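The values are calculated or read from the model by the stated rules, or taken from the named source; none is laboratory data. Small disclaimer: the values here were computed from a predicted structure and weren't measured. Here the Cβ positions follow ideal geometry from the backbone for every residue, glycine too, while neighbour counts run over all protein chains shown.
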Amino acid sequence: MSLGATAPSRATLATPVFDPAVLRRDFPILDQEVNSRDLVYLDNAATTQKPASVLTALESYYRRDNANVHRGIHELSRRATVAYEDARARVGRFVGATDPAEVIFTRGTTESINLMAWSWGLDVLREGDEILLTEMEHHSNVVPWQLVAQRTGATLRWLEIDDQGLLELDALPKLLGQRTRLVSLTHVSNVLGTVNPVADIVHTVREHSDALVLIDGAQAVPHLPVDVRSLGCDAYAFSGHKMCGPTGIGVLWARRALLDSMPPFQGGGEMIRVVEREGSTWADLPHKFEAGTPNIAGAIGLSAAVDYLERVGMAAIARHEHELLTYALDHLAEVPGFRGLGPDQVELRSGVISFALGDAHPHDISTILDSEGIAVRAGHHCAQLVMRHLGLPATTRASFYFYNTTDDVDRMVTALHVVKGIFG
Ligand SMILES: Cc1ncc(COP(=O)(O)O)c(C=O)c1O
C-alpha cells in the first residue's frame, strides 16, 4: 500500500493494511544514504518528511495554477483562490472545525500563538489579570505571553510538572480564579511526549474561571486524531510541516465569536473592507487575520498532506507510534546508562523519547548517531523550563512518525551501544 502521487482511488483503500515499511516508499527523501548508511530519520518532532503526493501538489500548483488569490478576475486567479479556500475547509475538517471562517492560515504554531497574544492579549489583558501556562511549554507558548504581560501588566502563573513528566493537575483548581483570563497549554509535550488530558483540563477551567483556553497542538495534530470541538477549547494552534505538509504554513483555529471580537493582528492588503484617510474597516473572517499575499502553495500542500494522513488513518498512526514507543523503550533499557525521560505509562505518551546516556553529552551522542546515518536532535528543544525541571542542560531526543520501523529503532539502539563503548 503506497499512498503517494500514484495512489489508488479512495475506494480501493477502504481497508488498507498499515505497513510502515511500505508507506515509507511514499517519501523520496527517506531513500538515501547518509554517511554511507541508509538514512534513519528520527527527528520528526522537529519536522516531518513529505510524501510524493504533497510534492506533486506543490509542483502542479506552481506549474499550472499559480496566481494571487481573491484579487484577479482571470482564470488562474480563480483556480488559485478555489484551491486555497478548499484547502482551508479541508484542513479545518481534519481537526473537526465545521466553519472554514474559523480557520486562519498562519506561518505555523508560533505565529498562531503570537496572533492570539498580540491581538486578543494586547486588547483584553489588564494589570492584575492572570495567564496560566505550564512548565512543559515550548518557548512559542511562553515568550509571546511574557512580551504581552510586560506591556499589559498581566501576570504569568505556572502549572508545574511532576517527576513523571505529568502535569500536576490536582493543583489546577487552586491556580484558577476571577483573575485568570487565559489558560494556554500544550496538547503533547515535545520533550517528554506527555499527552495532556485536554478535555478534562478544559472542564476544570470552565468550573473555576471564565478564562479562555488556547491549546498548542503542534505535537498532537500530526500524531493522534484531534477534534477541536470535542476538546471544548476556545482556540487551537498547529503547524503544517510537522504533519507531512510544507514549512511556512500552519493554522489558528478559534471560535467565531472570539475571532470576531479580536482586532486584526497585522495590517495590509486582503484584510480590509474599506480604507479611508481617517481609518479603515476590516474584512470578514477569516481574511481579517490574513494580511498580505498568503502562503497559497503552502495551504495547498497542507491540504494534500491532510488527504494523505487521512488515507493512512490517524488512529492507525497513533497505534503504530505506541507500538514503536513500547518496542523502543524495551530495547533502549538494555543500553547501559540509558535514562529515559517522560511518563512510565506509554498510554500517556506520544512517540517522543528524550534521554540521557551516562555522562555522554547529547551533542556527542547525536554526532555519533549522525555518523551512523541516524538523525536525532540534541539540545533544550526550545523548552528550557522543562530542562530546568529535569536538572539537565540538554537531552538527546528521538521522535517517531508512522514511516519509522522497528529496524530504525534497532539501528539507533546498536549505535547507542557504540556511543556507550566510546564514552565508557
Ligand atoms: C509543542 C510545540 N509548540 C510549538 C512549536 C513551534 O512550532 P513552529 O516552529 O512550527 O511554529 C513546536 C515546534 O517544535 C512544538 O514542538
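To keep it simple, each residue is scored yes or no on (1) on the phi < 0 side of the Ramachandran plot; (2) small (G, A, S); (3) in contact with a helix residue (DSSP H, G or I) (Cβ under 6 Å, 6 or more places away or on another chain).
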{"position": "P336", "(1), (2), (3)": "yes, no, yes"}
{"position": "P343", "(1), (2), (3)": "yes, no, no"}
{"position": "D359", "(1), (2), (3)": "yes, no, no"}
{"position": "S366", "(1), (2), (3)": "yes, yes, no"}
{"position": "D370", "(1), (2), (3)": "yes, no, no"}
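Tally time: how many residues in segment 173-201 are closer than 18 Å to L348 by Cβ and either surrounded by fewer than 19 Cβ atoms within 10 Å (Cβ to Cβ) or of a type outside the set (A, V, I, L, M) (or both)?
Of the residues in segment 173-201, the ones closer than 18 Å to L348 by Cβ are 185-201.
The next check asks that each one be either surrounded by fewer than 19 Cβ atoms within 10 Å (Cβ to Cβ) or of a type outside the set (A, V, I, L, M) (or both); those that pass are 186-187, 189-190, 193-194, 196-197, 199-200.
Of the residues in segment 173-201, 10 are closer than 18 Å to L348 by Cβ and either surrounded by fewer than 19 Cβ atoms within 10 Å (Cβ to Cβ) or of a type outside the set (A, V, I, L, M) (or both).
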Which residue pairs have Cβ atoms closer than 7 Å, lie 6 or more positions apart in sequence or on different chains, and pair a first residue in segment 121-148 that is assigned by TED's automatic domain parsing to the domain that holds G193 and aromatic (F, W, Y) with a second residue that is in a strand (DSSP E or B) and within 16 Å of the ligand (Cβ to nearest atom)?
W145/L133; W145/S184
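Considering only segment 155-166, I want to know if a residue exists there that is in a helix (DSSP H, G or I) and in contact with a Leu (Cβ under 7 Å, 6 or more places away or on another chain). Before the answer, list the steps.
Just the residues of segment 155-166 that are in a helix (DSSP H, G or I), to begin with: none.
Scanning segment 155-166 turns up no residue that is in a helix (DSSP H, G or I) and in contact with a Leu (Cβ under 7 Å, 6 or more places away or on another chain).
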Among (1) out of contact with any Asp or Glu (no Cβ under 7 Å at 6 or more places or on another chain); (2) crowded, with 19+ Cβ neighbours inside 10 Å; (3) not in a loop (DSSP other than H, G, I, E, B), which single condition is D123 missing?
(2)
Please list, ordered by residue number, the strands (runs of 3 or more DSSP E) wholly in segment 190-307 having 2 or more residues that are of a type outside the set (A, V, I, L, M) and within 16 Å of the ligand (Cβ to nearest atom).
235-239, 250-254
Inspect segment 386-401 for any residue being under 18 Å from the mean Cα position of the chain (by Cα), closer than 30 Å to S60 by Cα and not in a helix (DSSP H, G or I) and give the result as yes or no.
yes
Identity of the residue in segment 12-42, farther than 20 Å from V221 by Cβ and assigned to a strand (DSSP E or B), that ends up nearest to the ligand (Cβ to nearest atom)
V40
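Kindly indicate whether E102 is closer than 28 Å to A291 by Cα and assigned by TED's automatic domain parsing to the domain that holds K242.
yes
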With A45, A101 as the choices, which residue is assigned to a loop (DSSP other than H, G, I, E, B), in contact (Cβ under 8 Å) with a residue 60 or more places away in the chain and either within 30 Å of I374 (Cβ to Cβ) or not β-branched (V, I, T) (or both)?
A45
May I ask you to say which residue of E137, E111 is within 14 Å of the ligand (Cβ to nearest atom), within 21 Å of H241 (Cα to Cα) and in a loop (DSSP other than H, G, I, E, B)?
E137
Looking at T81, is it within 17 Å of I249 (Cβ to Cβ), among the hydroxyl-bearing types (S, T, Y) and more than 15 Å from the ligand (Cβ to nearest atom)?
yes
Matching option when the condition is without any contact (Cβ under 8 Å) to a residue 24 or more places away in the chain and either among the aromatic types (F, W, Y) or part of a helix (DSSP H, G or I) (or both), among V91, V82, V54
V82
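Please determine, by comparing only the residues of segment 396-423 that are hydroxyl-bearing (S, T, Y) and surrounded by 20 or more Cβ atoms within 10 Å (Cβ to Cβ), which one is nearest to the ligand (Cβ to nearest atom). Walk me through it before giving the result.
Step one: filter segment 396-423 for residues hydroxyl-bearing (S, T, Y), giving 396, 399, 401, 403, 405-406, 414.
With the extra rule that they be surrounded by 20 or more Cβ atoms within 10 Å (Cβ to Cβ), the set shrinks to 396, 399, 401, 403.
Values: T396: 16, S399: 9, Y401: 14, Y403: 19 Å.
Here the answer is S399.
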Count, please, the residues in segment 140-151 that happen to be in contact with an Asp or Glu (Cβ under 7 Å, 6 or more places away or on another chain) and away from the ligand (no atom under 16 Å from the Cβ).
0
Within segment 235-248, residues touching a Lys or Arg at 6+ places or on another chain (Cβ under 8 Å) and either crowded, with 24+ Cβ neighbours inside 10 Å or modelled with pLDDT under 95 (or both) come out as A235, C244, G245
With the requirement that a residue be closer than 16 Å to E321 by Cβ and surrounded by fewer than 16 Cβ atoms within 10 Å (Cβ to Cβ), what does segment 18-45 give you?
F18, D19, A21
Need pairs with beta-carbon distance below 6 Å; first residue within 16 Å of the ligand (Cβ to nearest atom) and within segment 380-395, second of a type in the set (S, T, Y); sequence gap 6+ or separate chains.
T395/S354
